[in-house]
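The values are calculated or read from the model by the stated rules, or taken from the named source; none is laboratory data. Model, not experiment: these values are computed from the prediction. Cβ coordinates were reconstructed from backbone atoms using ideal geometry, including for glycine residues, and neighbour counts include every protein chain displayed.
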Amino acid sequence: MRNKLIEFKNVSFKYGEEQPWVLKNCSFEVYENEAIAIIGHNGSGKSTIAKLMNGLLFPQEGEIVINGQRVTEESIWEVRKEVGMVFQNPDNQFVGTTVQDDVAFGMENRGIPREIMINQIDKMLTAVGMQDYLMTEPHKLSGGQKQRVAIASVLAISPKVLILDEATAMLDPKGRKEIMKTVTEVQEEHQLSLITITHDLYEVVQAERVIVMNKGEVWDEATPRDIFAKKEELRKIGLDVPFVAILSDELKKAGIEMKREALNQEKLLEDLWTSHSEM
Ligand SMILES: Nc1ncnc2c1ncn2[C@@H]1O[C@H](COP(=O)(O)OP(=O)(O)OP(=O)(O)O)[C@@H](O)[C@H]1O
């Protein structure tokens, strides 16, 4: 049984007294070393959830507990040690003049001794494949390289949760896949909980569990397979379904039997192949 790391208990949030509720009575849990995707139409409240998770915002109603600690103005520094966030635009995240300085920044703020810092910088940059860029100025890196450094900077403070808020949105499909591969490796090695906020269906399919937001409410939470089985309902709330899920549906309608709902190309091909060979 995995430990509970994040708990949202009936959380409601609005950006100001006169503003509408952006989150309404949201409850969900995230466990240790679990990979979660949060999806939902534009403005459904996904980024607000991320900001509430590391104390950039506080709920007006309900409570948020991170690793047993309630998120309050007093506890935010403790909470921020546990939750690392990477956003969409890497250029807004750099503080150092070199890659090395940038990864060091969060650790310096926490008073980590120099020898540990040097070791940690090397370890984290190696984990994301950026060990050869120590002295490079961040603005000289490609979009994907910048996001790798941003991830290394966050990992350097040894968080328990890594939140990627549309972190691959500015990359091309190849760059996105490469980053997600790195993130999955890092997640396994460091036993992190991973929360991916994304519109990219490939990233959603990689998650163990998907939380679907609709108009500020948790609309559903289930495995990607169970979520994407609700094709028509998802479309009604403005969400796409992976092409492979549509294709496997059409194949079933055309009388081609398949054992399960495939969510990626390789699995679909494998299913077709095994079904066909057994005929
Ligand atoms: N600083 C702010 N002040 C006032 N309203 C805000 C602010 N930030 C976001 N909102 C509003 O809160 C709602 C939820 O926004 P949020 O960014 O959490 O949604 P999202 O699901 O992440 O959207 P997207 O997919 O477009 O990034 C939206 O209606 C948005 O306009």
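Overview of results
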| read-out | value |
| --- | --- |
| Test for Leu162: is it touching an Asp or Glu at 6+ places or on another chain (Cβ under 8 Å), closer than 30 Å to Asn214 by Cα and not in a loop (DSSP other than H, G, I, E, B) | no |
| Scan of segment 166-195 for residues that are within 16 Å of the ligand (Cβ to nearest atom) and surrounded by fewer than 20 Cβ atoms within 10 Å (Cβ to Cβ), ordered by number | Glu166, Ala169, Met170 |
| Residue in segment 196-239 that is nearest to the chain's Cα centre (by Cα), counting only those that are in a loop (DSSP other than H, G, I, E, B) and away from the ligand (no atom under 13 Å from the Cβ) | Ala207 |
| Residue satisfying condition, being over 22 Å from Leu134 (Cβ atoms), hydroxyl-bearing (Ser, Thr, Tyr) and either touching a helix residue (DSSP H, G or I) at 6+ places or on another chain (Cβ under 8 Å) or modelled with pLDDT of 85 or more (or both), within set Ser153, Ser193 | Ser193 |
| Residue match in segment 40-63 (condition: in a strand (DSSP E or B), more than 17 Å from Lys160 (Cβ to Cβ) and near the ligand (Cβ under 8 Å from one of its atoms)) | yes |
| Hits in segment 1-36 - residues which are closer than 16 Å to Val83 by Cα, aliphatic (A, V, I, L, M) and either within 16 Å of the ligand (Cβ to nearest atom) or in contact with a Cys (Cβ under 8 Å, 6 or more places away or on another chain) (or both) | Ile36 |
| Any chance Glu221 is touching a Cys at 6+ places or on another chain (Cβ under 8 Å), closer than 17 Å to Gly45 by Cα and of a type in the set (D, E, K, R) | no |
| Filter result for the condition that a residue is exposed (fewer than 14 other Cβ atoms within 10 Å of the Cβ) and either in the same structural domain as Pro159 (by TED's automatic domain parsing) or in contact with a helix residue (DSSP H, G or I) (Cβ under 6 Å, 6 or more places away or on another chain) (or both), over Asn109, Asn89, Asn67 | Asn109 |
| Where a residue in segment 14-41 is assigned by TED's automatic domain parsing to the domain that holds Glu221 and its partner, wherever it lies, is surrounded by fewer than 18 Cβ atoms within 10 Å (Cβ to Cβ) and of a type in the set (Ser, Thr, Tyr), with Cβ under 6 Å and at least six apart | Trp21/Ser12; Leu23/Ser12; Lys24/Ser12; Asn25/Ser12 |
| Given (1) more than 16 Å from Ile163 (Cβ to Cβ); (2) of a type outside the set (Gly, Ala, Ser); (3) more than 16 Å from the ligand (Cβ to nearest atom); (4) surrounded by fewer than 19 Cβ atoms within 10 Å (Cβ to Cβ), number of the condition Lys81 does not satisfy | (1) |
| Residue in segment 177-187 that is farther than 23 Å from Pro90 by Cα, at pLDDT below 95 and in the same structural domain as Lys123 (by TED's automatic domain parsing) present | no |
| Selection status of Met130, buried (at least 19 other Cβ atoms within 10 Å of the Cβ) and touching a Leu at 6+ places or on another chain (Cβ under 7 Å) | no |
| Thr198 assigned by TED's automatic domain parsing to the domain that holds Tyr15, crowded, with 17+ Cβ neighbours inside 10 Å and hydroxyl-bearing (Ser, Thr, Tyr) | yes |
